[in-house]
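Heads up: the structure comes next, in structure tokens.
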Amino acid sequence: MADSDCKTLATVWGEFSQSTGFHGVNKLKNGSKLRCLFWLCSFLACAAYLTYVMIQELGNYYTYPTYTTLEVETHSEIEFPAVTICNLNSLSKSSVLNDSRVDNYYLSIGPREIHQVQMYNKFNWSDPFYEQNGFFNERKMEDILLEHKRLHQGLFNIFVFDQTALNDSKEYFSVELKPNGPCLTSNKTKILKTSNTGSEYNFVMWLNLEQEDSYFGQRLGEGAQFTVHDKDEDPYFHGSSGYYVEPGHEYYGALRKYTYEYMPEPFKATPTEFCRDSSVNGDEYFTTKCWKECYVRYIYESCNCIDFHYKGQYVCIRYETITSD
């Protein structure tokens, strides 16, 4: 290699400092030592600050922070939420056999048994009485409805929506079996929509609890329970017990709707879990479906059985889909 091709480090640095696009580097070549020292300190300080900011931003990015955006929209008409109404003492006294063994059975599955364990549940299941009266028979929805008070044209006397009297509850309400017994849920077959606000313009109900036919066994009180929820959510797992109305009383409930949309992976629902986009059978996934799935899975793994209220529903158990028939 010729001597003319050899360049010292100082020569290379001089050429680089005069041609680079980094601001301030060209000030390090020429001038007094004090001036060069000033620009060197300034350059190093800026480089250190840039490195610090980049590390902070990268760390912030990989924590996947959550941002909340609020938007206000105006609609001329809005879908009214679903309403589920239950009679707290729905079992019909006239359908219950007048026998102490039947009373003992209903007391054993009521709330009193929770606090006084094994007070009533000592049964002699070999007694022919239980088989003769259908205790071991497979029960269907029709059988349960016969044992409870009427719902359509029974619990509902009349209801008003948007100041319009609606007499046919079957058109707007469907029967849903809950742990309290048969209940009525709206917005399953026909959606109620409103364009007005205020208690006089929305949903007004007159309920008949049929107190003269109440049976105080499984339930020890009387009244109506109702809750307001999304039509795709299960009210029993909604996280709220709803509203309670005593016989002979009125109750006014104000509503406010919140809609939450959860981000998919890599955003987490909890510190250890991700949000799910859909359930195993492809339906849209809701929070109450998650709670229900956990509940049914726990019952299944504990006793290898499914709660009667969820017969015919698909439940994910250890990556297998079963039908609880």
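The values are calculated or read from the model by the stated rules, or taken from the named source; none is laboratory data. For clarity, every value in this text was computed on a predicted model and none was experimentally measured. Quick reminder, even Gly has a Cβ in these numbers, built from the backbone with ideal geometry, and neighbours come from all protein chains shown. SASA here: full protein model, heavy atoms, side chains in, ligands and nucleic acids out. Shrake-Rupley method; radii C 1.70, N 1.55, O 1.52, S 1.80 Å.
Listed values, structure above:
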read-out: Links that overshoot a 21 Å alpha carbon limit, given the list K178/K289; K170/K190; K149/K170; K170/K292; value: K170/K292
read-out: Nearest-0.05 FRET efficiency for Y252 and I144, computed from C-beta distance (R0 30 Å); value: 0.40
read-out: Average accessible surface area per residue within the range 127-275, 1.4 Å rolling probe, Å²; value: 65 Å²
read-out: Within-14-Å neighbourhood charge of K93 [Cβ basis; K, R +1; D, E -1]; value: -4
read-out: Theoretical gain in end-to-end length, F43 to T66 [0.36 nm per residue, Cα-Cα removed]; value: 4.7 nm
read-out: At most 14 other Cβ within 10 Å, DSSP loop - GluC sites (Glu not before Pro), the range 159-217; value: E200
read-out: Listed peptides 144-155, 86-97, 56-67 by packing density, highest first (mean Cβ within 10 Å); value: 86-97, 144-155, 56-67
read-out: Ordering of 32-40, 134-142 by burial proxy (mean other Cβ atoms within 10 Å per residue, highest first); value: 32-40, 134-142
read-out: H148 long-range amide H proximity, modeled H, under 5 Å; value: S92
read-out: Estimated inter-spin distance, N167 and T272, nm [label 7 Å along Cα→Cβ]; value: 5.9 nm
read-out: Shape of the range 120-186, Cα gyration tensor, a/c cut at 1.5; value: prolate
